[in-house]
Amino acid sequence: MDFAGMKSDVVVGIDLGGTKIAAAIFSSTGNILHKEVVLFGNKTGHDVGKLIHKQIQNCFLTSKSRRLNICAIGVSVPGISNQKTEKVWAPNIPGWKNYPLRAEIISTLKDKRISVTIESDRSCYILGETWQGAAKNCANAIFLAVGTGIGAGILVDGKILPGANDIAGAIGWMALQKPFRAEYISCGCFEHHASGEGLVKVAKELIAADKKYPGGLKNKKFTAFDIFKVHDAGDPIAKMVLEQAIEFWGMAAANLVSLFNPEKIIFGGGIFGPATKFLPSIFAEAKKWAQPISIQQVKFEPSKLGGDAGLYGAAYLALRTLRKHS
C-alpha cells in the first residue's frame, strides 16, 4: 500500500507490553520521527490508561513543535482487541479484562476526526513486518511470537485473520503433546513447554528429577536467557530444554504451514533473540511434519524489526485506516 502522498501528515503508533509503553510518531513512509518508552511501574487499570494518554499528548506536543499533523493513532495491545465491543482484554495488565481503551483515547482528543484503531499485538507484529520488515511484499505470512507467552499474527491474502471474535492466533493452546496435563489449562500445551516462561518451567522440572545435576542453573533463580547462556557452555539440562523446544517450535510451525500455506513464517519475540540460531534446526523438524509441497515453498526468517515490530504494526494500522477514509 502506498501512503507516500500524505507528505506532512504523520501517525502515532502505541505498543503496549506487559510492563511498558512505547509511543512513536511515524512518517507515511515508515520512518520513526520521535519515540518514547516508559515503564508502567506499579500502575494498573485506569492508571495505565492515563499513562497512555500522557504519551499521546507528548506526541502531540512534539508534532506541534515540528509542524507535523497527527491524523491517526494505532494501538497494539498484548491480548485481545474486540472489534465488536471496542474493548480490550490484556491479562498482563491488572484491571484490563474488559477495558474501554478506544473510548478513553477518543475522549482525550481535541480533534475528534483523528481515527483510533486498536489491534492485538500478534496482529500488529505481522502488519509491521509486512510493511517494513521481513514479510515485505508478502500477502500470506505468519509472525510466530515467542516471548513470555506465544501467539501468531496470521496474514491471509493481505488481510489479518481475526477469527469470529478476534481471538485467532492464540496458538499457545496448540495441542502438541499428550496426555493432557492440568498445567495446560491456563496457558496451553505449546506455551507451557516452549515460551520464555515455559523454558524455565521445563528446566525446573528436569532439575528436580536429576539429583546429580551439577550445572549452572541449580540453586538459583534463572530466566530463559540464562538457559541460552549455559546451553552455549555445554550445560546438559539447558541442552535438553532447548532440544525439546526446537521440537515444539518445529511441530507448531509445521501445523501453521500445513493449515495456511504461507510464503514466510517470521520468528520474533524476546526468545528470537537468542533462539534465532536454531532456525535451521526448527525448519528441519518442521519438514518432518508439514505438508511436503507447502514446506518446500515457505521460508523461515527472523524478525527484522525486533522489539519494534508491534510499534511499526500499530503505525501501519493507523496509516491503513487513514487511507480507507481518504
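The values are calculated or read from the model by the stated rules, or taken from the named source; none is laboratory data. In this text, all values refer to a predicted model and were calculated from it rather than measured experimentally. Cβ: placed from backbone, ideal geometry, glycine included. Neighbour counts: every protein chain shown. For the accessible areas, the whole protein counts, side chains as well, though only heavy atoms, and no ligand, DNA or RNA atoms are used. Shrake-Rupley method; radii C 1.70, N 1.55, O 1.52, S 1.80 Å.
Annotations for the structure displayed:
- Put a plus charge on the Cβ of each Lys and Arg, a minus charge on the Cβ of each Asp and Glu, and nothing anywhere else: the dipole of the chain about its Cα centre is then about 640 debye.
- Normalised contact order of the chain, rounded percent, pairs of Cα under 8 Å and 6 or more residues apart: 21 percent
- For the peptides 9-16, 20-27, residues were scored by their other Cβ atoms within 10 Å and the scores averaged per peptide; the highest-first order is 9-16, 20-27.
- Rg/Rg_ref, the chain, where Rg_ref = 2.2 N^0.38 Å and atoms are Cα: 1.03
- Acute angle (nearest 10 degrees) that the helix 279-289 long axis makes with the longest principal axis of the chain, alpha-carbon atoms: 70 degrees
- The solvent-accessible area of Lys50, taken with every protein chain present and a 1.4 Å probe, is close to 130 Å².
- By average C-beta atoms within 10 angstrom, highest first, the peptides 241-248, 111-118: 241-248, 111-118
- As a rough guide to protection, the peptides 144-152, 181-189 ranked by mean Cβ packing within 10 Å, highest first, stand as 144-152, 181-189.
- Principal-axis analysis of the Cα atoms of the chain puts helix 121-132 at an angle of about 70° to the longest axis.
- When DSSP beta bridges are restricted to pairs lying wholly in region 1-135, around 55% turn out antiparallel.
- The residue list Asn140, Asn92, Thr117 was ranked by how far each Cα lies along the charge dipole of region 87-160 toward its positive end, using unit charges on Cβ atoms, and Thr117 comes out on top.
- Relative contact order of region 57-111, pairs being alpha-carbon contacts under 8 Å that are 6 or more residues apart, as %: 19 percent
- Extension gain (nm, one decimal) between Glu86 and Lys136, 0.36 nm per residue minus Cα-Cα: 15.1 nm
- Using a cut-off of 25 Å between Cα atoms, the listed pairs Lys35/Lys264; Lys43/Lys112; Lys178/Lys218; Lys204/Lys287; Lys84/Lys159; Lys204/Lys229 include Lys35/Lys264; Lys43/Lys112; Lys178/Lys218; Lys204/Lys287 as exceeding that distance.
- Helix 309-324 vs. the chain, principal-axis angle (Cα, 0 to 90°, nearest 10): 40 degrees
- Cα pair distances exceeding 19 angstrom across region 1-102, given as percent: 45 percent
- When both bridge partners sit in the chain, DSSP labels roughly 55% of those beta bridges antiparallel.
- The alpha-carbon of Lys20 sits under 18 angstrom from the alpha-carbons of these aspartates and glutamates, leaving out residues fewer than 8 places away in its chain: Glu36, Asp47, Glu119, Asp121, Asp308.
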